[in-house]
Ligand code: SGN
Ligand code: CA
């Protein structure tokens with residue numbers, strides 16, 4: 001046999017090539033697996049006052065708090081537009097509402113926007129979304145999704161899924177969304193890829209139906225009242241006309257859970273779409289769920305029936321505040337337990353160290369401050385949002401930051417941690433310098449806010465604002481038209497307008513400059529505001545704005561039509 005050395009040489013060379021190729025592939029993979037995973041946990045309408053890492057007085061949330069203990073708690077995190085779908089659009093696009101076009105909950109999200117999940121997916125991340133999106137269309141850039149249609153339901157909810165069409169799942173929404181998330185982590189996750197998971201709760205969104213297992217405990221609790229529960233909104237015209245008062249704008253059945261039968265017995269008038277809302281939510285329960293609901297709520301309502309005839313308006317406000325807190329906080333108990341399940345899974349599977357975990361809400365919420373529920377305003381409880389971030393490899397445990405960070409910053413933060421280029425038209429900043437304590441690379445002394453959805457449910461006028469750590473300058477422009485200057489240090493309850501106070505003349509001037517600069521930098525202006533009004537009013541006229549009553553709608557439509565005629 002002839003020894004073919006040339007062939008042998010070729011074989012050696014090719015083995016060498018293969019080894020080099022393998023080494024390259026392995027190191028490539030090693031590098032890829034080193035890219036951090038991202039777990040983005042967001043609840044809907046979760047007030048920071050209802051997270052014990054911020055405030056112990058209402059509820060204990062030991063599991064959500066774990067994220068702050070492992071990482072950083074943000075005390076000045078805010079949103080750019082305090083309402084659901086616009087906040088989600090800002091998170092996904094890294095752009096203000098006036099740039100991504102999703103300014104309110106009414107018209108659908110423009111899916112030609114580029115979102116960070118699309119970019120991460122392209123860069124090799126495995127992506128999944130479970131829970132509430134509220135966009136009017138499905139998310140792009142996800143390998144898997146199971147989302148709630150619209151607002152979603154607490155009991156036996158429907159889901160829109162990527163692979164199975166529409167499904168209905170029996171049980172309680174917070175538990176189900178978590179089951180889906182854990183199932184994906186366990187069975188669908190491709191272990192060689194980094195992943196980006198969006199785990200999005202419906203709770204604690206109105207109409208605040210808690211899990212059966214919490215009903216007995218939470219319907220019997222009593223909570224401390226906020227000092228501004230009886231705010232009369234004097235000197236604050238936009239606050240005065242808003243319809244989000246606990247005693248006055250909450251439904252008896254739909255919110256306080258006085259059954260339609262007891263309402264009739266007591267002669268209570270419907271407020272808004274009161275009885276329909278009760279039927280839509282409680283009516284989804286099956287017989288066993290409803291029996292548990294009745295067992296917990298019947299004694300509360302029997303007690304109310306007895307006391308009602310002697311109750312003053314003040315007593316009613318206090319009673320309704322307690323009812324509100326019981327239900328709202330009851331829904332958070334299940335969120336906290338379920339966040340604990342996900343954290344336990346990550347811990348047990350060695351996924352904690354190299355994973356950036358974010359807990360936030362799509363905005364804050366009023367828990368009786370100013371006498372209110374809901375959000376929308378730039379006043380603290382709805383403008384600010386909870387934000388807790390852990391990333392053990394990079395973020396020091398148990399730290400706090402009071403930097404002015406926003407939901408606008410998430411997209412670029414995630415692209416930054418994944419080593420993916422940040423599109424130049426995104427408008428936020430990566431939070432990595434803040435997270436790692438590298439504040440030389442972080443300079444921001446003011447943030448911008450713009451709320452649009454009016455005329456709508458809760459009657460909150462359109463406004464934009466510049467916010468610094470010390471002040472807020474707010475312009476209400478439709479259909480009210482005036483300015484407010486809030487002194488955040490002197491008046492933390494935000495009950496006074498210092499705009500016309502001569503002592504604030506210099507501050508006011510400086511704030512106007514800041515506001516102009518922000519509007520210039522982010523590309524917002526009067527013409528855009530008008531464009532969004534002109535887009536909204538025809539929809540309002542067609543009845544496409546959910547929950548707004550004719551008495552609010554009609555005069556504003558008339559005013560707008562007259563203004564158009566005179567143009
Ligand atoms: C529903 C609620 C409102 C709430 C909006 C927006 N009414 O319409 O109270 O402000 O959602 O919330 S309800 O009678 O249907 O409960 S958001 O979080 O989706 O923006
Ligand atoms: Ca919300």
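Principal-axis analysis of the Cα atoms of the chain puts helix 5-34 at an angle of about 20° to the longest axis. When shorter helices are ignored and each DSSP H run of at least 4 residues is given -39500 (n - 2.57), the per-residue value for the chain at 222 nm works out to -12500 deg cm²/dmol. Centre-to-centre separation between the Cα atoms of the range 434-487 and those of the range 40-86: 19 Å. Each of 111, 399, 61, 331 was scored by other Cβ atoms within 10 Å of its Cβ. Arranged with the fewest first, they read 111, 399, 61, 331. Classify the range 112-177 from the C-alpha gyration tensor, please: rounded if a/c falls under 1.5, else prolate or oblate depending on whether a/b exceeds b/c. Because a/c hits 1.5 or more and a/b exceeds b/c, the range 112-177 counts as prolate. For the chain, the longest principal axis of the Cα atoms and the long axis of helix 550-565 meet at an angle of about 80 degrees. Label-to-label distance for residue 295 and residue 107 is 5.0 nm, based on points extended 7 Å past Cα in the beta-carbon direction.
Between the Cα long axis of helix 526-541 and the first principal axis of the chain there is an angle of about 70°, rounded to the nearest 10.
Rounded, prolate or oblate, given the Cα gyration tensor of the range 230-373, with a/c below 1.5 counting as rounded? Oblate is the answer for the range 230-373, as a/c is 1.5 or above yet b/c matches or exceeds a/b.
Annotation: the residues 415, 367, sorted from fewest to most other C-beta atoms within 10 Å of their own C-beta, follow the order 415, 367. Taking a ≥ b ≥ c as the square roots of the eigenvalues of the Cα gyration tensor, an a/c ratio of 1.5 or more together with a/b no larger than b/c marks the range 240-324 as oblate. Residues of the range 495-531 with backbone nitrogen within less than 11 Å of a virtual label 7 Å along the Cα-to-Cβ line of residue 469, please, listed as ranges. Hits in the range 495-531 for residue 469 at 11 Å: none.
Placing a label point 7 Å from the Cα of residue 232 along the Cα-to-Cβ direction, the residues of the range 313-329 whose backbone N falls under 17 Å of that point are 313-315.
Computed extension gain for residue 224 through residue 345, at 0.36 nm per residue and net of the alpha carbon distance, reaches 40.1 nm.
In this simple spin-label approximation, residue 425 and residue 402 carry label points 7 Å from Cα along the Cα→Cβ vector, and these lie 3.8 nm apart. When 96, 201 are arranged by Cβ crowding within 10 Å, least crowded first, meaning fewest neighbours, the order is 96, 201. When the alpha-carbon atoms of the chain are used, the pair Rg, Dmax equals 25.7, 112 angstrom. Multiplying the residue separation of residue 240 and residue 60 by 0.36 nm and removing their Cα-Cα distance gives an extension gain of 61.5 nm.
Throughout, read-outs are computed from the coordinates displayed, never taken from laboratory work. Note that the structure is predicted; figures quoted are calculated from it, not measured. Backbone-built Cβ (ideal geometry, glycine too); neighbour counts: all protein chains shown.
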